[in-house]
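All remarks here apply to the structure that follows.
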């Protein structure tokens with residue numbers, strides 16, 4: 001008798017717990033934030049490779065000037081981006097990114113860190129401005 005009750009109890013538990021889980025849809029804001037992070041990462045990788053065509057395709061004219069503002073030549077650069085926050089105001093996105101950089105010029109290494117705000121707009125998203133500490137400018 002105890003075995004039958006135990007088996008019935010187990011069967012009821014399995015049936016009640018075995019239902020389908022509800023899948024939540026991804027919000028439009030979440031998709032937009034993910035796209036913004038991808039644009040920032042693409043620009044970072046293009047900057048490291050010195051791929052100006054990709055940088056230009058991922059930014060507006062003003063954004064391109066902000067990214068390429070550093071005229072100082074460098075041997076190599078390492079950049080690390082950590083997205084922190086996205087604010088959506090109308091048609092503009094403000095993407096807060098913590099960054100670290102390590103620049104090498106003539107064997108001398110210089111490290112820097114900061115917080116930048118990438119202003120993005122348009123469809124597809126493109127960088128239109130970099131506010132606060134620009135990660136693409138060589139530290140003095």
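Some observations on this one:
- Meets criteria (in a strand (DSSP E or B), exposed (fewer than 14 other Cβ atoms within 10 Å of the Cβ) and either touching a helix residue (DSSP H, G or I) at 6+ places or on another chain (Cβ under 6 Å) or modelled with pLDDT of 90 or more (or both)) for residue 78: yes
- Count of residues meeting criterion [surrounded by 12 or more Cβ atoms within 10 Å (Cβ to Cβ), out of contact with any helix residue (DSSP H, G or I) (no Cβ under 7 Å at 6 or more places or on another chain) and more than 14 Å from residue 138 (Cα to Cα)] in region 88-109: 4
- When region 85-109 is limited to residues that are in a strand (DSSP E or B) and more than 22 Å from residue 38 (Cβ to Cβ), the one that is nearest to the chain's Cα centre (by Cα) turns out to be 102.
- Here residue 23 does not qualify as out of contact with any helix residue (DSSP H, G or I) (no Cβ under 9 Å at 6 or more places or on another chain), more than 16 Å from residue 134 (Cα to Cα), surrounded by 10 or more Cβ atoms within 10 Å (Cβ to Cβ) and modelled with pLDDT under 95.
- Filter result for residue 43 (at pLDDT below 95, touching a helix residue (DSSP H, G or I) at 6+ places or on another chain (Cβ under 9 Å) and either part of a helix (DSSP H, G or I) or surrounded by 10 or more Cβ atoms within 10 Å (Cβ to Cβ) (or both)): no
- Filter result (touching a helix residue (DSSP H, G or I) at 6+ places or on another chain (Cβ under 7 Å) and in a strand (DSSP E or B)) within region 110-131: 118, 120, 126, 127, 128, 129, 130
The values are calculated or read from the model by the stated rules, or taken from the named source; none is laboratory data. Computed from a predicted structure; not experimentally measured. No Cβ is skipped: glycine too gets one built from the backbone with ideal geometry, and neighbour counts run over all protein chains shown.
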